[in-house]
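Enquirer: Sharing a structure with you now.
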Amino acid sequence: MQSSGPHPGSLAVLGIETSCDETAVAIYSSRGGLLSHQVFSQVGLHAPYGGVVPELASRDHIKKLLPLIEAAFAEAGVARTDLSAVAYTAGPGLIGALLVGATVAVGLAEAWRLPAIPIHHLEAHLMAVLLEEDAPDFPFVALLVSGGHTMLIDVRAFGDYSILGQTLDDAAGEAFDKSAKLLGLPYPGGPELAALAEQGDPTAFALPRPMLKKPGYDLSFSGLKTAVMLKVRAAEEAGGLDARVRADLASAFQEAVVDSLVGKAMRAARDAGRDRIVVAGGVGANRRLRERLRDEMTASGGRVYYPRIEFCTDNGAMVAYTGWLRLRAHGAPETPTVHARARWNLEDISCPP
Ligand code: KG4
Ligand code: ZN
């Protein structure tokens, strides 16, 4: 059962994000917009292991979450009595990490007699762009590209999503990170590989563009990563994995990923009849991807929109804001309940996790 919620003019939502390796908190209100946002990245904690260690992630969220919530209140200059609800990421993500955010959110909501709103992490990524002043109207096609997901989604309205296509194996960010490792770059390698690619020649190596010639909107990156591995081996055997070769390989890899993403995104937008594309997720920070999509969309009379870089990667602002949208549209669930789901289909957004 849903309650009608407080008056729409006075909604303020605390958002909590702990689905992976960022502890993040924000406060969004109807009157002041985004009042605060705080992020603590665990990247240094996981770096020695070359990837996110779930148990370490959960433990660190426990340590950092309450101090970050206090910092968010201090930055916003509001009191807990000003809040209308607590929103939290309920999935998809690492189950232990999600449970930390969910239990803290529901505990606080109980103590403060507020509703708790479970949020789908990918929906929050899709809505992040609406925090920008120059935000797109619905409908739009979203290219969601992160370390865990690569999807093309038709976003018809808030809460109304169809998945058009997705990766059949590795996510684009994962392919960046794995290829970076093959090139000897430190974790997390995506941004490092992108920086190295700037110095290379993208035509120096011929790499595949998997799925690009196939119909539909699905993608695949594991074959590309294997192709990089074979080129690295061949160069090592020839005694020449030097700085030049590494930069050229990085550049050729990036160009292949960008070709695939841009090709499929343009096809999806054209077939769905959308002249707006929104790019969300960590790989949305990639300069080459931004440049290529912007050029292609401009040439076809459309436009591409991005959240600011800090809201491409995991953050609490997108969770607070999506909670605020949900509260405004549907009111709040009656009883705060801990929901946490490692897997959760974006198209099942209306049913609680
Ligand atoms: O959305 P995100 O912060 O985390 C989740 O996966 O949910 O995305 C992180 C991913 C990583 O794989 C990282 O290597 C990649 O985004 N990434 C980039 C760039 N910046 C971050 N990949 C390519 N170019 C970049 N500039
Ligand atoms: Zn994410």
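Enquirer: Could you please tell me which pairs satisfy a Cβ distance under 9 Å, a separation of 6+ or placement on different chains, a first residue in region 210-235 that is of a type in the set (D, E), and a second residue that is in a helix (DSSP H, G or I)?
Expert: Hits for this filter: D218/K264.
Enquirer: Under the condition of being in contact with a strand residue (DSSP E or B) (Cβ under 8 Å, 6 or more places away or on another chain), assigned to a helix (DSSP H, G or I) and under 30 Å from P115 (Cβ atoms), which residue from region 283-317 is farthest from ligand 1 (Cβ to nearest atom)?
Expert: The extreme case among them is A317.
Enquirer: Another question, if that's okay. Considering each residue of region 139-154, count those that are out of contact with any helix residue (DSSP H, G or I) (no Cβ under 7 Å at 6 or more places or on another chain), within 12 Å of ligand 2 (Cβ to nearest atom) and part of a loop (DSSP other than H, G, I, E, B), and give that number.
Expert: Count: 1.
Enquirer: Got a number for residues in region 302-318 being among the charged types (D, E, K, R) and within 12 Å of ligand 2 (Cβ to nearest atom)? Spell out how you get there, then give the answer.
Expert: Initially, region 302-318 is screened for residues among the charged types (D, E, K, R), giving 303, 308, 310, 314.
Applying the additional criterion that residues be within 12 Å of ligand 2 (Cβ to nearest atom) yields 314.
Here the count works out to 1.
Enquirer: Contact list please: Cβ distance under 7 Å, first residue in region 262-283 and within 22 Å of T313 (Cα to Cα), second residue more than 16 Å from ligand 1 (Cβ to nearest atom) and assigned to a helix (DSSP H, G or I), pairs at least six apart or on different chains.
Expert: Short answer, once both residue conditions are applied: V262/E296; I277/A269; I277/M297.
Enquirer: Residues in region 318-326: is at least one of a type outside the set (A, V, I, L, M), more than 13 Å from ligand 1 (Cβ to nearest atom) and touching a Pro at 6+ places or on another chain (Cβ under 7 Å)?
Expert: No, region 318-326 contains no residue that is of a type outside the set (A, V, I, L, M), more than 13 Å from ligand 1 (Cβ to nearest atom) and touching a Pro at 6+ places or on another chain (Cβ under 7 Å).
Enquirer: Look at region 285-334 and say how many of its residues are more than 14 Å from the chain's Cα centre (by Cα) and of a type in the set (F, W, Y). Don't jump to the end; show me each part of the working.
Expert: Residues of region 285-334 more than 14 Å from the chain's Cα centre (by Cα): 287-305, 320-321, 323-334.
Restricting the remaining residues to those that are of a type in the set (F, W, Y) gives 305, 321, 324.
Within region 285-334, residues that are more than 14 Å from the chain's Cα centre (by Cα) and of a type in the set (F, W, Y) number 3.
Enquirer: Another question about this same structure. Could you tell me which numbered condition R326 fails, if it satisfies all but one of (1) at pLDDT below 95; (2) crowded, with 21+ Cβ neighbours inside 10 Å?
Expert: R326 satisfies all of (1) at pLDDT below 95; (2) crowded, with 21+ Cβ neighbours inside 10 Å except (1).
Enquirer: Residues being closer than 19 Å to A172 by Cα, surrounded by fewer than 19 Cβ atoms within 10 Å (Cβ to Cβ) and not β-branched (V, I, T): count how many of those fall in region 306-323. Quick ask: steps written out before the conclusion?
Expert: If we filter region 306-323 for residues that are closer than 19 Å to A172 by Cα, which is where we start, we get 306-307, 309-314.
Still in the running and surrounded by fewer than 19 Cβ atoms within 10 Å (Cβ to Cβ): 309-310.
Filter once more, so that each one left must be not β-branched (V, I, T): 310.
Counting residues in region 306-323 that are closer than 19 Å to A172 by Cα, surrounded by fewer than 19 Cβ atoms within 10 Å (Cβ to Cβ) and not β-branched (V, I, T) gives 1.
Enquirer: Right, here's the next one. Sort out which residues of region 115-143 are closer than 25 Å to A102 by Cα, among the aliphatic types (A, V, I, L, M), within 16 Å of ligand 1 (Cβ to nearest atom) and crowded, with 24+ Cβ neighbours inside 10 Å, and write them in order of number. Steps first, answer last, please.
Expert: First pass over region 115-143, keeping only residues closer than 25 Å to A102 by Cα: 115-131.
The next check asks that each one be among the aliphatic types (A, V, I, L, M); those that pass are 116-117, 119, 122, 124, 126-131.
Still in the list and also within 16 Å of ligand 1 (Cβ to nearest atom): 119, 122, 124, 126-129, 131.
Those that are closer than 25 Å to A102 by Cα, among the aliphatic types (A, V, I, L, M), within 16 Å of ligand 1 (Cβ to nearest atom) and crowded, with 24+ Cβ neighbours inside 10 Å: I119, L122, A124, L126, M127, A128, V129.
Enquirer: Hey, another quick one. Determine the pairs where a residue that is free of Cβ contacts under 8 Å to residues at least 60 places away in the same chain, located within region 184-196, has a partner that is assigned to a loop (DSSP other than H, G, I, E, B) and more than 6 Å from ligand 1 (Cβ to nearest atom) with Cβ atoms under 8 Å apart, the partner being 6 or more residues away or on another chain.
Expert: G189/L183; E192/L185; E192/P186; L196/L183; L196/L185
Enquirer: Output the qualifying pairs, or none if there are none: Cβ atoms under 8 angstrom, residues six or more apart or on different chains, first residue in region 248-261 and over 14 Å from A206 (Cβ atoms), second residue polar (S, T, N, Q).
Expert: Final answer for the pair search is A250/S179; Q254/N286; V258/N286; L261/T150.
Enquirer: Can you work out which of the residues in region 33-63 that are without any contact (Cβ under 8 Å) to a residue 40 or more places away in the chain and of a type in the set (V, I, T) is surrounded by the most Cβ atoms within 10 Å (Cβ to Cβ)?
Expert: Residue satisfying both the conditions and the ranking: V53.
Enquirer: Of A71, A128, A124, which residue is touching an Asp or Glu at 6+ places or on another chain (Cβ under 8 Å), aliphatic (A, V, I, L, M) and not in a strand (DSSP E or B)?
Expert: Values: A71 fails: touching an Asp or Glu at 6+ places or on another chain (Cβ under 8 Å); A128 fails: touching an Asp or Glu at 6+ places or on another chain (Cβ under 8 Å).
Checking each option against the conditions leaves just A124.
Enquirer: Same structure, new question: If you go through region 20-44, how many residues are within 16 Å of ligand 2 (Cβ to nearest atom), within 26 Å of R113 (Cβ to Cβ) and in contact with a Leu (Cβ under 9 Å, 6 or more places away or on another chain)? I'd like the intermediate steps shown before the answer.
Expert: Narrowing region 20-44 to residues within 16 Å of ligand 2 (Cβ to nearest atom): 20-26, 37, 39-43.
Within this subset, residues satisfying the condition of being within 26 Å of R113 (Cβ to Cβ) are 23-26, 37.
Pick out the ones that are also in contact with a Leu (Cβ under 9 Å, 6 or more places away or on another chain) and you get 23-26.
So the count comes out to 4.
Enquirer: So, T226, is that one surrounded by fewer than 20 Cβ atoms within 10 Å (Cβ to Cβ), assigned to a helix (DSSP H, G or I) and among the polar types (S, T, N, Q) or not? Spell out the reasoning first.
Expert: Values: surrounded by fewer than 20 Cβ atoms within 10 Å (Cβ to Cβ): yes; assigned to a helix (DSSP H, G or I): yes; among the polar types (S, T, N, Q): yes.
So T226 fits the description; yes.
Enquirer: Continuing with this model, one more query. Report, by residue number, each residue of region 13-32 that is within 18 Å of the chain's Cα centre (by Cα), surrounded by 24 or more Cβ atoms within 10 Å (Cβ to Cβ) and part of a strand (DSSP E or B).
Expert: Those that are within 18 Å of the chain's Cα centre (by Cα), surrounded by 24 or more Cβ atoms within 10 Å (Cβ to Cβ) and part of a strand (DSSP E or B): G15, I16, E17, T23, A24, V25, A26.
Enquirer: Kindly evaluate L325 against the criterion of being of a type outside the set (G, A, S) and closer than 20 Å to H149 by Cβ.
Expert: Details: of a type outside the set (G, A, S): yes; closer than 20 Å to H149 by Cβ: no.
It is false that L325 is of a type outside the set (G, A, S) and closer than 20 Å to H149 by Cβ.
Enquirer: Going by the structure shown, is A204 part of a loop (DSSP other than H, G, I, E, B) and more than 19 Å from G263 (Cβ to Cβ)?
Expert: Values: part of a loop (DSSP other than H, G, I, E, B): yes; more than 19 Å from G263 (Cβ to Cβ): yes.
Yes: the conditions hold for A204.
Enquirer: Go through G93, G101 for me and flag whichever is part of a loop (DSSP other than H, G, I, E, B) and either basic (K, R) or within 30 Å of L144 (Cα to Cα) (or both). Even if it seems obvious, please write down each step before you answer.
Expert: Numbers: G101 fails: part of a loop (DSSP other than H, G, I, E, B).
Sole residue among the options that is part of a loop (DSSP other than H, G, I, E, B) and either basic (K, R) or within 30 Å of L144 (Cα to Cα) (or both): G93.
The values are calculated or read from the model by the stated rules, or taken from the named source; none is laboratory data. Every value quoted in this text rests on a predicted model; they were computed, and no experiment measured them. Quick reminder, even Gly has a Cβ in these numbers, built from the backbone with ideal geometry, and neighbours come from all protein chains shown.
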